[in-house]
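The values are calculated or read from the model by the stated rules, or taken from the named source; none is laboratory data. As the structure is a computational prediction, the values presented were derived from the model and not from experiment. As a convention, Cβ positions derive from the backbone with ideal geometry for all residues, glycine included, and neighbour counts pool all protein chains shown. Surface accessibility is based on the protein's heavy atoms, side chains included, excluding ligands, DNA and RNA. Shrake-Rupley method; radii C 1.70, N 1.55, O 1.52, S 1.80 Å.
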Amino acid sequence: MLKQIQYIDDFVLDWIGRLHTPILNNIMIVISMLGTKGSVWILLCIPFILNPAGIVTGVNFLVAIGITSAFGEGLIKHMVCRMRPCHKLEDEKLLTKRPDFYSFPSGHSASSFSVFAVSFFRCEWDLWVPVLILATLISFSRIYLRVHYLTDVICGIVLGVLCGSLSVTIMDRLIVSILFRGLTG
């Protein structure tokens, strides 16, 4: 089973490798950098946190990213210890610097889709649709740049949606608990 998954992962990497052009390579590097350490998503939090009407959503974004990072980067990557596809490449075939960390699951995909899940539950479609588009582009860029396999990205997406949804539930229960204490206290 694992050999079949690896075969599919390698096939997808080879197929996407045929799309490489100098211009597209540079575009994908920039898109990927947006997701590094969740930077674009943390920036998205700022206007929400500064607006009293959006503070719950802004904090929820941060909670989602934190939960996702704890599970994906802190736990799962170190349990699975899957090497990245770029470690199989010769230096001249690299499009970006080799990351030191393990591959599974994709942290860029996980954090991006945790923010998508929160935006889906907390925001109007005019926010969650662009978040979905950017999250998808960031996830694709990771395969394109050969720093993740398809299965790393798919599992990162699933992890992100689950953690983002969990964070919404946690935040809702926390808010209800605070309101209940305020009414009874």
- request: With the Cα gyration tensor of the chain in hand, convert its eigenvalues to equivalent ellipsoid semi-axes via √(5λ) and list them largest first in whole Å.
  value: 34, 18, 13
Most to least accessible of ILE46, ILE29 (protein chains only, probe 1.4 Å): ILE46, ILE29
field: Accessible-area ranking of GLU124, GLU73, largest first, probe 1.4 Å
entry: GLU124, GLU73
message: For a quick check of understanding: with a 1.4 angstrom probe and all protein chains in place, what accessible area in square angstrom does ILE49 have, to the nearest ten?
response: 60 Å²
message: If R₀ is 30 angstrom, what is the calculated FRET efficiency for the pair ARG181 and ILE46, using the beta carbon separation as r and rounding to 0.05?
response: 0.55
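Using a 1.4 angstrom probe on the protein heavy atoms only, line up ARG146, ARG18 by accessible area, largest first.
Numbers: ARG146 50, ARG18 175 Å².
From most accessible down to least: ARG18, ARG146.
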field: Surface accessible to a 1.4 Å probe, VAL80 within the full protein complex, Å²
entry: 70 Å²
statement: Long-range amide H partners of TYR149, meaning residues 5 or more apart or on another chain whose placed amide H is closer than 5 Å, are none
